[in-house]
1. With a cut-off of 19 Å, note down the residues of region B:36-62 whose backbone N falls inside the zone around a label point 7 Å from the Cα of residue B:130 toward its beta carbon.
2. Can you give me the P(r) profile for the protein assembly as shown? Cα pairs, bins 20 angstrom wide beginning at 0, each as a whole percent.
3. Applying a 10 Å radius around every beta-carbon, put B:124-137, A:32-45, A:153-166, B:17-30 in order of their mean neighbour count, most first.
4. Would you mind getting me the FRET efficiency between residue B:141 and residue B:52? Use the beta-carbon distance for r and R0 = 30 Å, nearest 0.05.
5. Could you tell me how many degrees, from 0 to 90 and to the nearest 10, lie between the Cα long axis of helix A:23-32 and the main elongation axis, the longest principal axis, of the Cα atoms of chain A?
6. When the Karplus curve 6.51 cos²θ - 1.76 cosθ + 1.60 is applied with θ = phi - 60°, which whole-Hz ³J(HN,Hα) does each residue of region A:245-258 get, with x for Gly and Pro?
7. Leaving out same-chain residues fewer than 8 places away, which lysines sit with a Cα under 16 Å from that of residue B:84?
8. Tell me the mean residue ellipticity at 222 nm calculated for chain A from its helices only (DSSP H runs of n ≥ 4, each -39500 (n - 2.57), averaged over every residue, nearest 500).
Amino acid sequence: MKETRLAINIVKILIKDRMLYPGKLIVDTFSVVARCGILLILYWYVFKLNNGVINNTTFLFTAWSMFFYFSFSVLHLSGIARTIMQDVQSGNVEVLFSKPVSYLLYRIWWQIGSGIFSFIIISIVASILLTLAIGFPPTITIGMFLPSFTLTFLLGAVLTLCVYSIVGLLSFWIEDVNPIFWIVDKAVMILGGSYLPIALFPPLMYKIALYSPFGASLFITHTVSPSWQNNWYELIGIQLLWIFGLGIIVYWMYEQARKKVSVNGG
Amino acid sequence: MKELYFAYYAVKKNIQSSAELRTSFLMNVIGMAVNNTAFIILWTFFVKSVGTIGGWTVADIIGLQGFTALSYGIVFSVAGGIRKIADSVASGAFDRFMLSPKNLLLRIAMSSFGVSALGDIVFGIICLTFYAILLHVTIYQIVIIILLVALSSVVFFSAITIIYATSFFFTDASTVTGGFFELFFTPALFHGGAFQGGMRFVFTFIIPSLLVGSIPVEIVRNMSLDKLLLIAILSVLWFTLSIFVFNRAVRRYESSNFMTFGS
C-alpha cells in the first residue's frame, strides 16, 4: 500500500512538473523527428527503389515497427542506469538510502514518471500523423492486437528497467559505468529494431534478437508483423523468463549494494 | 600565435587531468570505440538486406562512420567546453570566461576535455584505415582524406558553435540545444546513399549534416574535385557564420555576478 502511494505520488508530481516546464517535451520531439522522422523518409525512398517490397515486407509494416521503437524510447527508461551512477558518484545515494522507502523502487518510479508525459503526447500525435500519412497495417485491427500489444509493452518496460538497473547498480563497484551503458544501449538499439527494422534482420540476427534480453525488451516492434498472431505467446513467455532471471540478479545486486554503503548521517 | 599556444597548453593540461583516473579514462576510450561499431553493424546489415543504394557499399559505410567519428572526436575532445555553454549561461558561470583576456570562443571551447571522444578518434582512425585499404587508395586519395577530415571537423565545429550559441536566446537552453544537436548529428550517421533530392539539399546547405561524413565519402570514392571545392567553400562559410553568430549571441548575455575565477 505504501509502495503504491509512493509510486502514484512520484509519477503525479513528475507529470505536473513536465506539464509546467515543457522543455523535455521539446527535446524529445526534436529527437523523434530527427531520428524516426528522417529514417521513415529514407526508408520510404529505399522501398520505392525496390518496388515497394524488401524481404517480403512493405513500407507500411516497417514504418509502424520503427515508430513503436522510437515511441518506446521516449520513455527514457534506460536513464535509470545513469541516474543511479550519478547518485553513487555524488554521494546522494547515502541520503536516499536513509529514507524509509526502497531506493531502487523510488528510482524506478522516478524514471517512469519523468518520461511518461512526453511519451503519451508524442505517441498520440505521431501515431495520428503516421496514420494520416501512410495508414495503418491490417494486423493492428485484429482483436488480439491491443491486449497482446499492451502486455508486451508493459513487460518490455519492466525488462528494460531490469537490464538498465543492473548497469546502474554496477556503479557501486565500478567508478564509471558509462562504457558498459553505451555497449548495452547499442545492443538494445541494434536488436530492438531501431535503424534496421526487425523485418529486415538476417536469420541469425533475428534469432539473437529473439532470445536475448536486449531484443526481448523491445518486442513491441514485432507486434505489427503478421507472424505476431501466431507467436505472441511465445515471445511474451521469453520476456517473462528474462524478467524472472534478471529480476533475481537485480535483487541480489541491490542487496549487495546496500551492504556496501555506509550511511554516516550528519 | 599566442592563441594557438594557449589552445595547445589547455589541451595538454586537460588530457593530463583526465588521465589521472586511469581506469575510467581507458574504459571510456575503449567503450566509446566499441559502442561506435554498432552503427557499422546496423548499416552493413541494411546494405545486405536492401542492396546498393546511390552506389553506396559496405566500404562506404565504414568510411562514413570514420569521417563522422573522427570529426566528432576531434571537436569534442579538444573543444569539449562548447557543449557546456548552455549550463554555463544558465548558472552564470559564463562570467569567468568573459573576464578572461583570451579569445572568448577559444577560452570556453578549451575549458573542458571529452575523454570518451578520444574513443571516437581511435575508432575514426581505424575505420578510415580500413576504408583506405578496401578502396585501394592512392597517395593522392590519402592526402584528400586527411584534408577532408580537417574540413569536416571545421564544419562540425561551426555547426555546434551555432547550435550552442542559441543558449543565449533561451531560458532553459540545454534542452533546446540538445534537440538542435540531434537534428544536426543524427542524419550525419545515416546511410548517405539514401539522401536524395530535397533531403540531400536540406542536409547539405541548410543543416550541414552530410558535409561531415557522406559528402567526404563520395569525394574520396569518385575523386570529385568539384565536390571538394564545394565542401571547402561551405566550411569557410559555416566557420565565418559560426563566429558571427557566436559574437552576436554573446551580446545577449547578462552577467549574474557569479564570483568564481579560473577554469
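1. Answer for this model: B:36-53, B:56-62.
2. All Cα pairs, binned at 20 Å, distribute as 20, 55, 24, 1 percent.
3. A:153-166, A:32-45, B:124-137, B:17-30
4. With R0 = 30 Å, the Cβ-Cβ based efficiency is 0.90.
5. Its long axis makes an angle of about 40 degrees.
6. Rounded to whole hertz, the list is x, 6, x, 4, 5, 4, 4, 5, 5, 5, 4, 5, 5, 4.
7. Reachable lysines: none.
8. -24000 deg cm²/dmol
All of the numbers you see were taken from the coordinates with simple rules; none came from a lab. Remember, it's a predicted structure, so these values are computed and weren't measured experimentally. Methodologically, a virtual Cβ is constructed for each residue, glycine included, from the backbone with ideal geometry; neighbour enumeration extends over all protein chains shown.
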